[in-house]
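For reference, the structure is listed below as structure tokens.
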2 protein chains.
Amino acid sequence: MRLDPKTLKFDRDGLIPAIAQDEESGDVLMMAWMNAESIRATLDSGRVTYWSRSRQALWRKGETSGHVQLLVEMRIDCDRDTLLLLVRQTGPACHTNRRSCFYTAVGKTEEYELMGPMY
Amino acid sequence: MRLDPKTLKFDRDGLIPAIAQDEESGDVLMMAWMNAESIRATLDSGRVTYWSRSRQALWRKGETSGHVQLLVEMRIDCDRDTLLLLVRQTGPACHTNRRSCFYTAVGKTEEYELMGPMY
């Protein structure tokens with residue numbers, strides 16, 4: 001095992017935040033959560049697999065949409081309580097069909113959209 | 001007020017994760033937490049201000065180290081439960097004096113460091 005999840009700091013729900021970044025463009029695509037099992041699944045398969053807090057189940061990204069994330073590199077922060085995933089993203093990362101979930105900017109007077117849906 | 005924190009989704013501790021990204025290089029620098037008060041302080045001052053969970057107090061980034069983060073743009077994700085901060089970082093973002101907190105990569109057999117301390 002190349003990473004023992006026991007060496008990471010999970011929150012009281014057994015979860016750790018995972019930031020997905022497009023390895024080519026550098027765009028931050030999304031933030032979701034992982035547990036020990038999803039970390040193992042991600043490293044073993046090379047397919048990014050989160051933990052769905054709403055469904056309380058493994059969430060193999062793109063399983064139904066086809067918008068998969070291939071893991072290029074997993075990084076750990078200094079406190080070992082946050083993960084950064086460099087990924088190769090197929091299609092949009094966001095369920096709104098936008099490339100990134102962070103498509104809303106806080107402007108000086110109001111919010112505005114930085115990008116529209118890909119299709 | 002250009003952003004009403006009431007429109008965001010905070011966790012049961014009243015916190016929301018905030019990812020800091022270097023606006024020039026695109027590097028993800030760190031992830032920390034904000035509450036409504038720290039969001040207001042960040043937008044009002046243009047100086048990124050987190051909520052320190054260990055100290056249970058506002059954490060005006062760089063206040064003691066001088067390694068301040070100037071806010072270039074705040075972004076909100078589709079679920080409104082995560083923030084992305086594009087920042088101009090002075091010096092290292094990490095308390096280990098590394099540019100980014102994500103300096104540890106998970107290799108095929110072991111972890112390795114991607115960067116050393118700046119000084």
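The values are calculated or read from the model by the stated rules, or taken from the named source; none is laboratory data. As the structure is a computational prediction, the values presented were derived from the model and not from experiment. Virtual Cβ from ideal backbone geometry, glycine too; neighbours counted across all protein chains shown. With ligands, DNA and RNA removed, areas are computed over all heavy atoms of the protein, side chains included. Shrake-Rupley method; radii C 1.70, N 1.55, O 1.52, S 1.80 Å.
So how far apart, in nm, are the two label points at residue A:90 and residue A:70 if each is 7 Å from Cα heading toward Cβ?
0.9
Counting heavy atoms of the protein chains only and a 1.4 Å probe, report the per residue accessible area for chain A as a whole number of Å². Intermediate values should be presented prior to the final figure.
Values: 5710 Å² over 119 residues.
Here the per-residue accessible area is 48 Å².
Does anyone have the angle between helix B:36-45 and the longest principal axis of chain B? Alpha-carbon axes, 0 to 90°, nearest 10?
80
Not counting ligands, DNA or RNA, and with a 1.4 Å probe, what is residue B:9's accessible surface area in Å² rounded to the nearest 10?
Spelled out: residue B:9, probe radius 1.4 Å, area about 120 Å².
Can you list the residues of region B:64-90 that have at least 40 square angstrom less accessible area with all protein chains present than in their chain by itself, probe 1.4 Å?
Buried by the other chains: B:73, B:75, B:76, B:77, B:78, B:84.
Using a 1.4 Å probe and counting only protein heavy atoms, how much accessible surface gets buried when A and B come together, both sides summed, in Å² to the nearest 100? Please report the intermediate quantities before stating the final value.
Numbers: alone 7310 and 7290 Å², together 11410 Å².
Summing both sides, the interface buries roughly 3200 Å².
Within chain A, which is the longest segment containing none of the GluC sites (Glu not before Pro) that sit in a DSSP loop and have at most 14 other Cβ atoms within 10 Å? The partial results should precede the final answer.
On the way: sites that count: A:24, A:63, A:110.
Here the longest segment lacking exposed loop sites spans A:64-109.
Evaluate the relative contact order of chain B (contact order divided by residue number), counting alpha-carbon pairs under 8 angstrom at least 6 apart; express in whole percent. Mind showing how you got there, number by number?
Details: 224 pairs, mean separation 26.5, N = 119.
Once divided by the residue count of chain B, the mean separation gives 22 percent.
Give me the dipole magnitude in Debye, nearest 20, for the protein assembly as shown about the Cα centre, with unit charges on the beta carbon: positive for Lys and Arg, negative for Asp and Glu.
Details: 32 positive and 34 negative charges, 83 e Å.
Rounded to the nearest 20 debye, it is 400 debye.
Set Lys and Arg Cβ to +1 and Asp and Glu Cβ to -1, take the dipole of chain B about its Cα centre, and tell me which of B:30, B:51, B:76 lies farthest positive.
B:51
Helix-only estimate, please: 222 nm mean residue ellipticity of chain B, summing -39500 (n - 2.57) across DSSP H runs of length 4 or more and dividing by its residues, to the nearest 500.
Working: 1 runs with 10 residues, N = 119.
Using -39500 (n - 2.57) per qualifying helix, the result is -2500 deg cm²/dmol.
Only protein chains counted, 1.4 angstrom probe. Which residues of region B:14-46 are at least 40 Å² less accessible in the assembly than when their chain is isolated?
Buried by the other chains: B:19, B:28, B:31.
Carbon and sulfur together cover what percent of the accessible area of region A:12-113 at a 1.4 Å probe radius? Let's see the in-between values first.
Working: 1920 of 4430 Å².
The C+S portion of the solvent-accessible surface of region A:12-113 is 43 percent.
Would you mind working out the magnitude of the charge dipole of region A:12-113 relative to its Cα centre, with +1 at each Lys and Arg C-beta and -1 at each Asp and Glu C-beta, to the nearest 20 Debye? Write down the numbers at each step before the final one.
Values: 13 positive and 15 negative charges, 68 e Å.
Magnitude of the dipole: close to 320 debye.
Could you state the number of Å between the C-alpha centres of region B:59-83 and region A:100-119?
17
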